[in-house]
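The values are calculated or read from the model by the stated rules, or taken from the named source; none is laboratory data. On a predicted model such as this, the values are computed, not experimentally measured, just so you know. Cβ placement follows ideal geometry from the backbone for every residue including glycine, while neighbour counts extend to all protein chains displayed.
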Amino acid sequence: MDLSLTEPERDLAALCRDFAQKEIALRAPAAWEEARCPTDLLREMGSLGLLGLLVPEAWGGVGMSTVGFVAAMEQIGLADQSVAAAWQAHSTIGSLPLMLYGTDAQKDRWLRPLAEGRALGAFGLTEPDAGSDARGIKTRAERRDGGWLINGRKTFISNAGTDMSFGVTLLARTTSAAAERAAYASFVVERDTPGFTMGPKMRGIGWRGLDTRELYFDDVWVPDEHLLGDPAMGLGQFLKTLEVGRISIAALSLSLTQAVLDMASAYAATRTQFGQPISRFQAVQFKLADMATELEAARWLTYRAAYLRDCGEPFLKEASMAKLKASRLAVWAASEAVQIHGGVGYMLDSPVARFHCDAKILEIGEGTNEIQHLVIARSLGC
């Protein structure tokens with residue numbers, strides 16, 4: 001198995017590295033402090049073709065490989081996790097349902113603007129009483145007058161409330177709660193549709209630059225052409241998309257681990273205690289060595305999952321393994337990096353503290369790590 005990057009993949013990584021260091025690294029920290037989504041940066045990424053990496057050229061995208069997407073994510077996430085999180089959510093669960101299950105007319109209407117960077121995509125699954133238990137969603141879509149009437153509430157939905165958001169694709173029940181067998185379908189609800197409202201931007205420990213909100217649907221009517229894919233297969237369609245999302249969260253975790261490793265290594269080389277740089281102390285050296293070793297292991301898992309998807313092979317187990325390993329590593333590595341920085345690392349004006357705040361959500365988003373354990377166990381026949 002050869003996981004070396006192709007020339008287009010290397011060129012993409014170089015483009016992302018250049019933009020991330022020259023633009024994102026300089027401007028995104030202020031957005032994090034102000035708890036606002038820097039859509040100016042996302043628009044600039046769109047002008048570079050980065051908002052349509054996984055979408056074929058026929059629909060306005062680039063048609064990049066999953067491996068190339070992971071390589072790009074590593075570079076963007078090194079500079080800022082909030083921008084990278086908004087980008088990955090847009091690129092995977094925000095765009096792929098339309099790409100995989102939309103009609104040509106739906107792709108031209110909604111996918112093309114997303115891929116061309118003119119709009120930002122979002123998907124609504126999680127509800128106050130349903131997250132890991134996706135089948136427990138209560139948002140309901142009823143057949144009504146040549147379309148569907150949607151009622152319900154979604155929470156922790158990213159990218160739906162920015163000034164470049166097109167609306168949201170959501171999962172809803174199409175059967176009553178009393179039905180013996182539940183059915184689900186996905187629907188596109190455009191911004192400014194009557195009855196579709198949202199709450200204020202939510203305040204998280206980290207990812208402060210990511211726009212995350214509660215969404216409300218009160219007698220929201222959409223025509224039949226807003227139904228996405230097979231009305232009996234909505235849940236399966238979303239879960240299929242989520243497999244790619246797990247690879248992207250693993251890649252985001254790699255970038256965070258690399259960022260805090262770089263910060264810790266640089267700080268250890270300049271911080272002096274007992275008359276010498278702390279990088280000369282074995283206790284610090286061992287921390288850095290463990291971080292670097294675990295990062296390489298997580299990187300191979302992630303790129304292998306991406307490689308399998310590009311080959312058309314099953315990758316559900318591998319994506320879960322990559323997400324589980326890489327996200328746990330990111331949380332641990334961020335903590336160790338703060339420890340190496342000491343009191344400086346605990347202060348919020350320190351870059352390492354910002355990345356430490358951003359780390360925890362990686363074990364929760366796109367399927368909690370507990371769910372990843374279950375997916376892996378089931379693949380083993382448990």
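From the list K154, K107, K138, exactly one residue is among the basic types (K, R) and within 18 Å of the chain's Cα centre (by Cα). Which is it?
None of the other options fit; the residue is K154.
Between D104, D133, D108, D129, which is touching a residue at least 40 places away in the same chain (Cβ under 8 Å) and either outside the structural domain of L48 (by TED's automatic domain parsing) or of a type outside the set (A, V, I, L, M, F, W, C) (or both)?
None of the other options fit; the residue is D108.
For the structure I just gave you, tell me whether E318 is without any contact (Cβ under 8 Å) to a residue 12 or more places away in the chain, closer than 25 Å to M64 by Cβ and outside the structural domain of W207 (by TED's automatic domain parsing).
Judged against the criteria, E318 is not a match.
The conditions are (1) in contact with a Phe, Trp or Tyr (Cβ under 9 Å, 6 or more places away or on another chain); (2) not in a helix (DSSP H, G or I); (3) not aromatic (F, W, Y), and I247 fails exactly one of them. Which is it?
(2)
If L239 satisfies every condition in (1) part of a helix (DSSP H, G or I); (2) out of contact with any strand residue (DSSP E or B) (no Cβ under 7 Å at 6 or more places or on another chain); (3) at pLDDT 95 or above; (4) surrounded by fewer than 23 Cβ atoms within 10 Å (Cβ to Cβ) but one, which is the exception?
Tallying (1) part of a helix (DSSP H, G or I); (2) out of contact with any strand residue (DSSP E or B) (no Cβ under 7 Å at 6 or more places or on another chain); (3) at pLDDT 95 or above; (4) surrounded by fewer than 23 Cβ atoms within 10 Å (Cβ to Cβ), L239 fails exactly one: (3).
Only residues that are of a type in the set (S, T, N, Q), outside any helix (DSSP H, G or I) and crowded, with 22+ Cβ neighbours inside 10 Å: list them for segment 49-104, please.
T92, S95
Identify, please: which residue in segment 304-320 is assigned to a helix (DSSP H, G or I) and out of contact with any Asp or Glu (no Cβ under 7 Å at 6 or more places or on another chain) and is, among those, farthest from K240 (Cα to Cα)?
Y307
Restricting the search to segment 30-48, which residues are touching an Asp or Glu at 6+ places or on another chain (Cβ under 7 Å) and surrounded by fewer than 22 Cβ atoms within 10 Å (Cβ to Cβ)?
T39, E44
Would you check if there is a residue in segment 282-303 being surrounded by fewer than 22 Cβ atoms within 10 Å (Cβ to Cβ), within 17 Å of the chain's Cα centre (by Cα) and assigned to a helix (DSSP H, G or I)?
Among the residues of segment 282-303, not one is surrounded by fewer than 22 Cβ atoms within 10 Å (Cβ to Cβ), within 17 Å of the chain's Cα centre (by Cα) and assigned to a helix (DSSP H, G or I), which makes the answer no.
Out of everything in segment 193-224 that is of a type in the set (D, E, K, R) and either under 16 Å from N159 (Cβ atoms) or in contact with a helix residue (DSSP H, G or I) (Cβ under 7 Å, 6 or more places away or on another chain) (or both), what residue ends up being surrounded by the most Cβ atoms within 10 Å (Cβ to Cβ)?
The qualifying residue surrounded by the most Cβ atoms within 10 Å (Cβ to Cβ) is D211.
Checking P113 against (1) at pLDDT 95 or above; (2) in a loop (DSSP other than H, G, I, E, B), which test does it fail?
So P113 meets the others, but not (2).
So S4 ticks every box in (1) in contact (Cβ under 8 Å) with a residue 12 or more places away in the chain; (2) farther than 21 Å from L256 by Cβ; (3) not in a helix (DSSP H, G or I) but one. Which box is left unticked?
Against the list (1) in contact (Cβ under 8 Å) with a residue 12 or more places away in the chain; (2) farther than 21 Å from L256 by Cβ; (3) not in a helix (DSSP H, G or I), S4 comes up short only on (1).
Quick one: which of Q276, Q372, Q339 is among the polar types (S, T, N, Q) and either under 19 Å from I249 (Cβ atoms) or at pLDDT below 95 (or both)?
From the options Q276, Q372, Q339, the qualifying one is Q372.
Restricting to segment 152-175, name every residue that is under 13 Å from G199 (Cβ atoms) and of a type in the set (A, V, I, L, M, F, W, C).
F156, I157, A160
Restricting attention to segment 349-382, which residues are out of contact with any helix residue (DSSP H, G or I) (no Cβ under 7 Å at 6 or more places or on another chain) and hydrophobic (A, V, I, L, M, F, W, C)?
Answer for segment 349-382, where residues must be out of contact with any helix residue (DSSP H, G or I) (no Cβ under 7 Å at 6 or more places or on another chain) and hydrophobic (A, V, I, L, M, F, W, C): C357, I361, I364, I371, L374, A377, L380, C382.
Got at least one residue in segment 159-166 being at pLDDT below 95, closer than 25 Å to R109 by Cβ and surrounded by fewer than 21 Cβ atoms within 10 Å (Cβ to Cβ)?
No, because not a single residue in segment 159-166 is at pLDDT below 95, closer than 25 Å to R109 by Cβ and surrounded by fewer than 21 Cβ atoms within 10 Å (Cβ to Cβ).
Quick test of your reading of the structure: D349 fulfils all but one of (1) at pLDDT 95 or above; (2) in a loop (DSSP other than H, G, I, E, B). Name the failing condition by number.
(1)
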